[in-house]
Amino acid sequence: MSTGAIVMLIVSAVIVWGGLAAAVLHLRRHPEEAED
Amino acid sequence: MSQQNREQWGTRTGFLLAAIGSAVGLGNIWRFPYVAYDNGGGAFLVPYLVALLTAGIPLLILEYAIGHRYRASPPAAYRRLNRFAQPLGWWQVGICFVISVYYAVIVAWAVRYAGFSLTQSWGEDTEAFLYGDFLHVADAPGPIASYNLGVLIPLVVIWLVVLVVLGLGVRRGIEWANRIFIPLLAVLFLILVVQALFLDGAEVGLNAFFAPDWSAITDGSVWVAAYGQIFFSLSVGFGIMITYASYLRRKSDLAGSALVAGFANSSFELLAGIGVFATLGFMASAADVPVGEVATDGLGLAFVAFPQIINNIPVAPALFGVLFFVSLMVAGLTSLVSIVEVVVSSVRDRTGMRRVPAVLIVGGFTAAVSVAVFPTDQGLYLLDVSDHFINQYGIALAALVVVVVVGWALWRLPMLRRHTEAVSSVPMRVWWALALGVVTPVVLGFMMYDSITAELQANYGDYPSWFINSAGWGVAGGAMVLAVLISLIPWKRRAGDEDDTNATVADADQSGKGL
């Protein structure tokens, strides 16, 4: 694989999968409040 | 059905899995890899992420907000937003009906192909097998001349599964099914990708997929492709997320959930891109041709190219085939459940019918149309044309009308933003209104112009005009006309309660109380 392709593979993985991990962690840190 | 008695998701995770199950469908597996490859490879990431953040996730939040605020499926929810907006909801119901009748057929094909994989019974000429031996496609569009039991039987089974899941309800049916199917899909697809990465030539395919062509970023059509992919892949624009969000509890993190669902959908797409292009790299290397010559998408990728590749896989080809087609089936099934639920839920909200009778009558009717029309020698033609037209002049056009009507004509974005921020952990600030009020209508408007121009230049797929006019324009236009006609039927007193809701909502909004 070319260097450009390897870099984009890593960048894509970090942003997209990292974005998912960050979004999940964020949601877990904000648990649902109990209903009134 | 009163709002107090409305069904609810058991847990937030259950809702998220169902939302992800709806978004992750066939398009993630067979559309994204080729669109990305064809539009700049690695460089496509830039317009793709911009589209995700400026259109995909904002649209998801909009649908979550409408469903959550008005606690109803699209027709009743839009009616509560403004009584003249009701046809928008029925239009989305019509779109869901059309999509579900043909989408189920592709899931049924995947079931059969999972079986064919065991012995690679499609033979050497996989194209001739698909169109001839398996589908018995007629030479040209025309009246239905024959039924195909090989498709009809799995199609009936798929519909039975869908109706049982829907009949069991939101918590015991839809949520339970997604709790099983989504982790299963992730595991199956991960194994498939690992197997693909070990194929000879996998790195050639990955190189073709990720090598960036930075000149693509300045090409307008690449940006349109990115917005189109995000848009069609996320299952926004036809009311699914309104319906699913209507089953959320009052205090639900809408924006936070939309970020998870949006990134989960893209995460699966990226994984599919890696798996598909590693496999195509193997095919190209084996045939000693460039990857560009074997790269394709849609039905051709899944039911022609992949069987051909499976024929040549040296180790465990049957496993690879079963993993691929069962993944397709599971991804399609969870999306199909969500699409039919929109129709069922809308009729329930309109008539007050209980779930099981509604599923039997509405779901049963949808299944009957699907089973009567598509497992035939005309099925593929009907599927191809209705899919194209309902996507362009159903989903995309309805979404354009929704953002213009809700964002501009009714000026409801500030109110929906207040509603969302009152329950969300992620601040939306001006980004959300700007994305929905400006970016999304401009991009969707351009996509529509682009698409209509192409339609006027030549018949889609070179089909005869009578067929395009009936199965294409007729179906897409029929959804719009029916939506208006159904909206003209006066609501009974029971439904009149919802007028009061409308007033309450409007009052609350004017007083700035949000929730």
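The values are calculated or read from the model by the stated rules, or taken from the named source; none is laboratory data. Everything numeric here is computed off the predicted structure, so don't read it as measured data. Neighbour counts run over all protein chains shown; Cβ positions are idealised from the backbone, glycine included.
Here are the numbers for the structure shown:
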| item | result |
| --- | --- |
| The range B:460-491: number of residues that are assigned to a loop (DSSP other than H, G, I, E, B) and modelled with pLDDT of 95 or more | 2 |
| Those helices (runs of 4 or more DSSP H) lying entirely in the range B:250-323 with at least 3 residues within 11 Å of chain A (Cβ to nearest Cβ) and at pLDDT 95 or above | B:254-287 |
| Those residues of the range B:94-139 which are not in a helix (DSSP H, G or I) and not aromatic (F, W, Y), in sequence order | B:L118, B:T119, B:Q120, B:S121, B:G123, B:E124, B:D125, B:L135, B:H136, B:V137, B:A138, B:D139 |
| Residue check for B:F209: in contact with a Phe, Trp or Tyr (Cβ under 6 Å, 6 or more places away or on another chain), buried (at least 24 other Cβ atoms within 10 Å of the Cβ) and assigned to a helix (DSSP H, G or I) | yes |
| Residue within the range B:190-206 that is touching a residue at least 40 places away in the same chain (Cβ under 8 Å), assigned to a loop (DSSP other than H, G, I, E, B), farther than 27 Å from B:G332 by Cβ and out of contact with any Asp or Glu (no Cβ under 9 Å at 6 or more places or on another chain) present | yes |
| Top-ranked residue in the range B:19-47 [being over 18 Å from B:N391 (Cα atoms) and under 13 Å from the mean Cα position of the chain (by Cα); ranked as nearest to the other protein chains (Cβ to nearest Cβ)] | B:I20 |
| Criterion violated by B:G132 - all others in (1) over 26 Å from B:F181 (Cβ atoms); (2) in contact with a Leu (Cβ under 9 Å, 6 or more places away or on another chain) satisfied | (2) |
| Residue in the range B:100-114 that is under 18 Å from B:F325 (Cβ atoms), loosely packed, with under 15 Cβ neighbours inside 10 Å and hydrophobic (A, V, I, L, M, F, W, C) present | no |
| Odd one out for B:G142, checked against (1) in contact (Cβ under 8 Å) with a residue 60 or more places away in the chain; (2) out of contact with any Ser or Thr (no Cβ under 8 Å at 6 or more places or on another chain); (3) in a helix (DSSP H, G or I); (4) under 20 Å from B:V369 (Cβ atoms) | (3) |
| Complete set of residues in the range B:217-232 that are within 14 Å of chain A (Cβ to nearest Cβ) and of a type in the set (S, T, N, Q) | B:Q229 |
| Test: residue in the range B:38-52 that is in contact with a helix residue (DSSP H, G or I) (Cβ under 6 Å, 6 or more places away or on another chain), closer than 17 Å to B:F238 by Cα, modelled with pLDDT of 95 or more and not in a loop (DSSP other than H, G, I, E, B) | no |
| Residue tally, condition in contact (Cβ under 8 Å) with a residue 60 or more places away in the chain and over 20 Å from the mean Cα position of the chain (by Cα), over the range B:354-378 | 11 |
| Matching option when the condition is assigned to a helix (DSSP H, G or I), away from chain A (no Cβ under 14 Å) and surrounded by fewer than 20 Cβ atoms within 10 Å (Cβ to Cβ), among B:L184, B:L163 | B:L184 |
| The range B:407-428 residues that are within 14 Å of chain A (Cβ to nearest Cβ), paired with ones that are surrounded by fewer than 18 Cβ atoms within 10 Å (Cβ to Cβ) and not in a loop (DSSP other than H, G, I, E, B) (beta carbon under 7 Å, 6 or more apart) | B:S425/A:H26 |
| Lone qualifier among B:S121, B:S117 - being farther than 29 Å from B:E341 by Cβ, of a type outside the set (D, E) and buried (at least 22 other Cβ atoms within 10 Å of the Cβ) | B:S117 |
| Residue within the range B:233-243 that is on the phi > 0 side of the Ramachandran plot, at pLDDT below 95, away from chain A (no Cβ under 14 Å) and not in a helix (DSSP H, G or I) present | yes |
| Residue match in the range B:83-103 (condition: touching a Leu at 6+ places or on another chain (Cβ under 7 Å), farther than 23 Å from B:V362 by Cβ and touching a residue at least 60 places away in the same chain (Cβ under 8 Å)) | no |
| B:Y70 being among the aromatic types (F, W, Y) and either crowded, with 24+ Cβ neighbours inside 10 Å or over 19 Å from the mean Cα position of the chain (by Cα) (or both) | yes |
| Candidate set from chain A (those that are part of a loop (DSSP other than H, G, I, E, B), within 7 Å of chain B (Cβ to nearest Cβ) and within 13 Å of B:R12 (Cβ to Cβ)); member that is modelled with the lowest pLDDT | A:E35 |
| Qualifying residues in the range B:435-484 (those that are hydroxyl-bearing (S, T, Y) and closer than 24 Å to B:V224 by Cα) - the one surrounded by the most Cβ atoms within 10 Å (Cβ to Cβ) | B:T440 |
